[in-house]
Amino acid sequence: MKAVCFDLDGVLTDTERLGGKTMNMACSRQGFSLTESQWLNLVGTSSEHTMDMIRSWHPSVDTRLLMQDWTDITFDWVEKRGVPEKKGAGYVLRYLRERGYKTALCTSNAAPVVSRYLALLSWTDLFDTVVTSEDVSFCKPSPDIYILAASRLRVNPSSCAGIEDSPSGLAAVKAAGMHAVLIPDLIRVPDTCPRDAVLDSIAALPDYLSGLI
């Protein structure tokens, strides 16, 4: 493997739980809330898809206001408390860089959120490229994000590992022709979902990659 492409929320950061919390704080300002099941259906999707689904459940919602409130509340939370990092994530990113791997961040999250998270974590310089939902026409499970990352890295997708925590993410990695590694988080991933490996945590990634050489 010459490159490693990471999902962000649920893989490197413990922000899927945070996102659910801050989303319902934003929803409460318009008099409703999302169930746990509804939130899990939104995890890993683009902001546009998230707002479309919430509108289908709550037709009277002002999605522009909701998106702004969600962003503001989330930014306020992380500015005061920091971005919750998955244990060992920062170490793994630095380890890979030191050993010559190219690295990409491939996320369905919005660019302003991603930039803020990376700055607060001091991770901005740990990626050769960052691809967000705003860089592609179709988000996961479409492979566009991963194909663009490989192109920017100038690495054949077959020489890239894609690290994901969701069925849609794994589908995107496999469709891009990459080696798919699952690190489970909030979403249950069916056994039938294609993947090449399952790891217990991000901390196990260096040893796994060394075994592929």
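Could you please let me know if Leu118 is assigned to a helix (DSSP H, G or I), of a type outside the set (Gly, Ala, Ser) and under 18 Å from the mean Cα position of the chain (by Cα)? Here the answer is yes, as Leu118 does meet what is asked.
What is the residue count in region 28-70 for residues that are β-branched (Val, Ile, Thr) and closer than 21 Å to Asp185 by Cβ? Number of matching residues: 4. Only residues that are more than 16 Å from Ser133 (Cβ to Cβ) and in a helix (DSSP H, G or I) were counted in region 60-78, giving 11.
Could you check, for region 86-104, whether at least one of its residues is among the aromatic types (Phe, Trp, Tyr), touching a residue at least 12 places away in the same chain (Cβ under 8 Å), surrounded by fewer than 17 Cβ atoms within 10 Å (Cβ to Cβ) and over 23 Å from Val189 (Cβ atoms)?
Going residue by residue through region 86-104, those that are among the aromatic types (Phe, Trp, Tyr) are 91, 95, 101.
Adding the requirement that they be touching a residue at least 12 places away in the same chain (Cβ under 8 Å) leaves 91, 95, 101.
The next check asks that each one be surrounded by fewer than 17 Cβ atoms within 10 Å (Cβ to Cβ); those that pass are 91, 95.
Next, from what is left, pick out any that are over 23 Å from Val189 (Cβ atoms): 91, 95.
Yes, the conditions are met somewhere in region 86-104.
Going by the conditions given, is Thr15 in contact with a Leu (Cβ under 8 Å, 6 or more places away or on another chain), among the polar types (S, T, N, Q), closer than 26 Å to Pro184 by Cβ and modelled with pLDDT of 95 or more? Can you show your working first?
Working: in contact with a Leu (Cβ under 8 Å, 6 or more places away or on another chain): yes; among the polar types (S, T, N, Q): yes; closer than 26 Å to Pro184 by Cβ: yes; modelled with pLDDT of 95 or more: no.
So Thr15 does not fit the description; no.
In region 127-140, the count of residues that are buried (at least 22 other Cβ atoms within 10 Å of the Cβ), in contact (Cβ under 8 Å) with a residue 60 or more places away in the chain, of a type in the set (A, V, I, L, M, F, W, C) and assigned to a strand (DSSP E or B) is zero.
The values are calculated or read from the model by the stated rules, or taken from the named source; none is laboratory data. Note that the coordinates shown come from a computational prediction; the quantities given were computed from them, not determined experimentally. Backbone-built Cβ (ideal geometry, glycine too); neighbour counts: all protein chains shown.
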